[in-house]
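Chemist: This is the structure I want to talk about, given as structure tokens.
None of the figures in this text is laboratory data; all of them are computed from the coordinates on show. Quick caveat, the model's predicted, so the values are computed rather than measured. Here Cβ is always computed from backbone atoms with ideal geometry, including for glycine, and neighbour counts include all displayed protein chains.
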Amino acid sequence: MELKKVSDRIYDLPAEERTDRPILGYIMGDKYSLAVDAGNSSDHVGKFYRELREFNFRLPDFTVITHWHWDHSFGTHVVSGKVVACHLTNEKLAEVQKWEWTDDAMEKRLQSGEDIEFCDQCIRLEYPDRSKIKVVTADVEFTGSITIDLGGILCEIREFISPHSSDSVLVHVPEERIVFIGDAESGDFYQNSGEYDKTKLGEMIKTLEDIDVDTIIPGHDMPQPKVAVVNFLKSERDRLCLYNY
């Protein structure tokens, strides 16, 4: 997969299904650049940075983590510049730092529900040598929202309610009419077997409707028109109402 142009100032490295690598976003300002998510390994980050160098782009001065899940955060220890995360993400990453990566420890987390089968399988594929797993917390922690001026373009970063993870963060780029939402459009695979929480889904729909953008970039899919994403989420909400979930 090669770096793809989304707009004049925004590019992304597409997701890869085999080891659940998410999209990595790149936002280019006149003075600074910002990446959305840190990827699932140093290899993932290395691929991203090689692509940036091919375009003669500067490496990110900031990297924003959209939520704590391993595929979005396990590359944090090798990114350039400062890492930005909300307080809930940092709390969870501090907890995951204590995890051991032996077969026995991983099996115990599956049994306790701390981890899930899909992530366990993908981690084993991404990390043939699990001693290379290194989890770190962010350099910059915020609560609520934070705005970063990259020069000629702003990144409005804020916590929001989503059905996927309690620490969900979005990155809104008003000048480009684009918002990155991580995996927020998905259900909760840790607490709800991948199903949506109807109340949280409704809150997220309202958030997306209120953001003045044309394009939404999800964590594991290509950029989508806002109207298409909102309509899909509304259809899922209607389904939940129909079956009384």
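Chemist: Between Phe118 and Phe57, what is the label-point separation in nm under the 7 Å Cα-to-beta-carbon projection?
Modeler: 2.7 nm
Chemist: Highest first, please rank the peptides 165-171, 201-207 by the mean number of other Cβ atoms sitting within 10 Å of their residues.
Modeler: 165-171, 201-207
Chemist: Please give the FRET efficiency for Glu175 paired with Glu203, using the beta carbon to beta carbon distance and R0 = 25 Å, rounded to the nearest 0.05.
Modeler: After rounding to 0.05, the efficiency reads 0.45.
Chemist: Please give the net charge around Glu175, taking every other residue with its beta carbon less than 10 angstrom from that of Glu175, where Lys and Arg add +1 and Asp and Glu add -1.
Modeler: So the surrounding residues net to 0.
Chemist: Sorted by average packing, counted as other Cβ atoms within 10 angstrom per residue and highest first, what order do 177-189, 53-65 take?
Modeler: Ranked by mean Cβ neighbours within 10 Å, highest first: 177-189, 53-65.
Chemist: Testing the spin-label approximation: label points 7 Å from Cα along Cα→Cβ at Leu242 and Glu95. State their distance in nm.
Modeler: If labels sit at Leu242 and Glu95, their model points lie 3.5 nm apart.
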